[in-house]
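J.: Sharing a structure below in structure tokens format, with a few things to ask.
The values are calculated or read from the model by the stated rules, or taken from the named source; none is laboratory data. As the structure is a prediction and not an experimental result, all values here were calculated from the model. Every residue, glycine among them, receives a Cβ derived from its backbone with ideal geometry; neighbour counts consider all protein chains shown. Keep in mind that these areas ignore ligands, DNA and RNA; they rest on the heavy atoms of the full protein, side chains included. Shrake-Rupley method; radii C 1.70, N 1.55, O 1.52, S 1.80 Å.
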Amino acid sequence: MAPSRGFLRLWHTPLRPSIIPITRLSSQRFYQTFTEDLANPTKKVQSYVSSSSDPYLNLSIEDHILQKSSPDSTILFLYTNRPCVVIGRNQNPWLEVNLRLLNAATAASDVSYHIKSEPPAIGNVDLVRRRSGGGTVFHDEGNVNWSITCPRSDFTRDKHAEMVVRALRKLGVERARVNERHDIVLDLGEKKHAVDAQDTHQTPYTVEEGDPRRPLKVSGSAYKLTRGRALHHGTALVASPNLHIIGQYLKSPAKEYIEAKGVESVSSPITNMGLENSAFEKGVQDAFATMYATTGSAPVIETVGKEYLNIPEIKKGYDELLTPDWLFAQTPAFKLRFREQNAPNMGPPNIDMSVRHGIIESCSLENVSDDTNRKLMGTKLLDVKDWKVLLRELLGKDKEPSAKGVHDAAGTTLQRLLPIPDVPSRNEEHL
Amino acid sequence: MAARYAAARAVRQLASAAPRRASPFVCQRWQPAQIERRLFSVSSALKEKKYTEDHEWIETSADGKTVTLGISEYAAKALGDVVYIELPEVGLEVGAGEVIGAVESVKSASDILTPIGAKVVEINGTLEKTPGNINKDPEGDAWIAKLEPTGEPEGKIMSKKEYDAFTEDA
């Protein structure tokens with residue numbers, strides 16, 4: 001007799017916690033041979049899953065796989081991060097991210113700058129710059145990241161998104177398909193005539209272009225190519241509890257004032273797949289094993305975790321991702337051009353500033369003394385803790401109230417548009 | 001100075017876990033005598049444009065002192081529309097096989113490697129404003145950097161004919 005649903009639920013709940021000690025044990029045993037295993041030419045198909053929710057660690061393990069795996073191996077890696085905003089390699093954090101929301105939970109002193117929306121109550125959110133290209137995404141515990149490292153000669157931008165679509169359809173998500181941007185979307189139309197079930201680029205629910213029922217994105221892709229190897233990683237919104245606030249994190253108050261080189265994100269309406277994380281993980285692992293069944297023997301799924309920081313190259317990559325230079329100075333050159341729209345003559349002064357490698361190259365704050373403008377040139381954005389304080393300092397002993405007022409107004413605007421958030425510190429308890 | 005350091009570091013991060021010989025930064029600090037280092041006269045075989053398995057090309061200048069590096073037409077086509085190019089800083093010293101920059105196209109960041117140990121003496125700054133040029137003339141006007149070699153090329157170096165055969169097989 002089949003067990004009742006109630007029994008199943010009881011059975012499922014304790015299952016995950018009871019697994020954790022076992023996987024931790026096994027990952028402790030294996031980290032010493034991880035690099036060797038990756039480089040082993042006879043292990044052509046490998047599969048890993050991370051027990052850590054640290055985005056910097058998971059990205060560094062992933063990079064280690066890309067750098068160290070043998071030239072013709074294909075490797076699956078699954079990981080789920082704690083809440084974080086992940087920008088693409090060549091993106092501008094001031095343009096892509098509402099930076100002041102990231103530390104909203106702890107930065108109570110910031111109220112003087114009027115955060116308009118209530119800070120979402122999900123605690124601190126990390127800022128991460130990944131090594132791959134593409135746009136900005138939000139990760140949390142309901143988003144499973146999947147990544148495939150394979151030979152560059154085998155690589156196409158769609159093939160592993162197609163693999164994930166096959167996994168999703170097997171799990172009953174029959175509206176899933178790959179779109180022209182290499183993302184995975186769910187179609188929203190009513191069921192029409194049947195389409196080829198093997199076709200991962202259309203479903204019976206696909207609507208014509210221009211139909212208001214726009215497909216909803218559930219997974220986005222990004223790639224890194226190096227030395228004959230290709231990394232394709234993607235997000236998968238499986239069961240994010242934060243769909244309603246993701247938009248707030250990805251909407252910058254400076255967006256309309258920044259003109260940037262590099263890569264701008266394309267925003268898409270999103271939804272959840274409505275699966276359990278574990279079901280999605282299992283589905284992708286199975287689809288991967290099926291896809292590469294003829295390439296090598298079926299992979300044993302190994303668990304990786306925080307002990308892998310003991311591997312020097314992973315530690316090095318981890319520390320690099322946390323450097324302020326990587327997070328901020330890597331930003332392609334940009335110009336800030338601020339004009340108060342509503343009250344051009346009464347509002348804060350106009351601002352023109354160009355920044356390159358995170359350093360102010362030229363600067364013109366309207367009505368602010370030439371001396372202050374000159375002193376700002378060459379300033380490293382990272383050294384600015386608070387723009388208002390900095391401008392007061394540059395003003396020096398000139399106590400004339402009007403000069404002070406103009407400096408303060410410029411400082412307040414800059415603090416709103418170009419805040420320099422606390423750089424995430426290594427926090428062992430997060431690992 | 002800080003800018004140069006930051007950018008050099010960014011480029012170094014591109015190569016994060018790559019095997020490397022001595023760090024170029026350590027060299028700069030510890031061996032100032034290197035400024036007068038012997039310039040390698042590049043062998044005549046290199047004067048014709050050569051290609052790597054990672055789809056870069058190198059070509060030696062008429063006077064034999066510098067080498068120009070770029071990405072191949074095959075690579076530019078495979079990458080799709082290029083939206084950003086990370087150029088190295090002038091003065092950066094890199095070893096053969098190391099990362100010297102990166103190209104972003106269609107959500108992909110692709111490393112540019114140098115097959116020859118060298119010091120960067122000039123970069124193609126126009127690519128910063130118009131990265132799309134690399135799709136138009138990757139083996140001509142849209143070169144990436146000019147290098148002063150500090151060694152001989154390493155790894156597989158192919159003639160145009162050999163490279164065409166190599167990309168046909170791929």
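J.: Share of Cα-Cα pairs in the stretch A:334-417 beyond 15 Å, in percent?
T.: More than 15 Å apart: 55 percent of the Cα pairs in the stretch A:334-417.
J.: What 222 nm value per residue comes from the helices of chain A, counting each DSSP H run with n ≥ 4 as -39,500 (n - 2.57) and dividing by all residues, nearest 500 deg cm²/dmol?
T.: -9500 deg cm²/dmol
J.: Could you run the Karplus curve 6.51 cos²θ - 1.76 cosθ + 1.60 with θ = phi - 60° over the stretch A:225-241 and give me ³J(HN,Hα) per residue in whole Hz, x for Gly and Pro?
T.: 10, 7, 6, x, 10, 10, 10, 10, 10, x, 8, 9, 6, 8, 7, 5, x
J.: Provide the gained length on full extension for the span A:GLU180 to A:THR33, in nm with one decimal, where the gain is 0.36 nm per separating residue minus the Cα-Cα distance.
T.: 48.9 nm
J.: At a probe radius of 1.4 Å, what is the per-residue accessible area of A:MET291, in Å² to the nearest 10?
T.: 50
J.: Could I ask something else about it? Rounded to the nearest 0.05, what FRET efficiency do A:SER267 and A:THR379 have when you use their Cβ-Cβ distance and R0 = 22 Å?
T.: The calculated FRET efficiency here is 0.10.
J.: Further, regarding this structure: Mind computing the radius of gyration and Dmax over the alpha-carbon atoms of the stretch A:267-308? Å is fine for both.
T.: Over the stretch A:267-308's Cα set, Rg and Dmax evaluate to 14.5, 40 Å.
J.: Stick to the Cα atoms of the stretch A:183-270, pair each with every other, and give me the Kirkwood hydrodynamic radius in Å at one decimal.
T.: So the Kirkwood estimate lands at 16.2 Å.
J.: Right, next: Send over the semi-axes of the stretch B:89-170's equivalent ellipsoid, whole angstrom and largest first, taken as the square roots of 5 times the C-alpha gyration tensor eigenvalues.
T.: One finds semi-axes of 20, 20, 12 Å for the stretch B:89-170.
J.: Once both labels are modelled 7 Å past Cα along the beta-carbon direction, what's the A:LYS397-A:ASN350 spacing in nm?
T.: 3.4
J.: Right, next: Report A:SER265's accessible area, 1.4 Å probe, all protein chains in place, as a number in Å² to the nearest 10.
T.: We get 40 Å² for A:SER265.
J.: While we're here: Stretched out fully, how many nm does the piece from A:LYS315 to A:ASP286 gain, at 0.36 nm a residue minus the Cα gap?
T.: Extra length from A:LYS315 to A:ASP286 when fully extended: 7.4 nm.
J.: Let me check against my output: what whole-number percent is the relative contact order of the stretch A:20-327, with C-alpha pairs under 8 Å and at least 6 apart?
T.: It comes to 27 percent, rounded to a whole number.
J.: Can you tell me, using C-alpha contacts under 8 Å and at least 6 residues apart, the relative contact order of the stretch A:318-378 as a whole percent?
T.: Across the stretch A:318-378, relative contact order equals 26 percent.
J.: Where in the stretch B:143-170 does the label zone of A:LYS159 land, with the point 7 angstrom along Cα→C-beta and an amide N cut-off under 20 Å?
T.: From the stretch B:143-170, the list is B:166-170.
J.: Quick one: what Rg and Dmax do you get for the stretch A:20-327 from the alpha carbons, in Å?
T.: Rg and Dmax of the stretch A:20-327, Cα atoms, are 19.6, 62 Å.
J.: Starting from the Kirkwood Rh over alpha-carbon pairs, what translational D in µm² s⁻¹ does the stretch A:235-346 have by Stokes-Einstein at 4 °C and 1.567 mPa s?
T.: This corresponds to a translational diffusion coefficient of 66 µm²/s.
J.: Would you check the accessible area of B:LYS160, probe 1.4 Å, heavy atoms only, in square angstrom rounded to 10?
T.: 100
J.: Still on this structure, I have one more. Put a dot 7 Å past each Cα toward the Cβ at A:LYS335 and A:VAL300; how far apart are the dots in nm?
T.: 6.0
J.: Using 0.36 nm per residue, how much length does the chain from A:THR42 to A:GLU190 gain when fully extended, once their Cα-Cα distance is taken away?
T.: Fully extending the segment from A:THR42 to A:GLU190 adds 48.5 nm.
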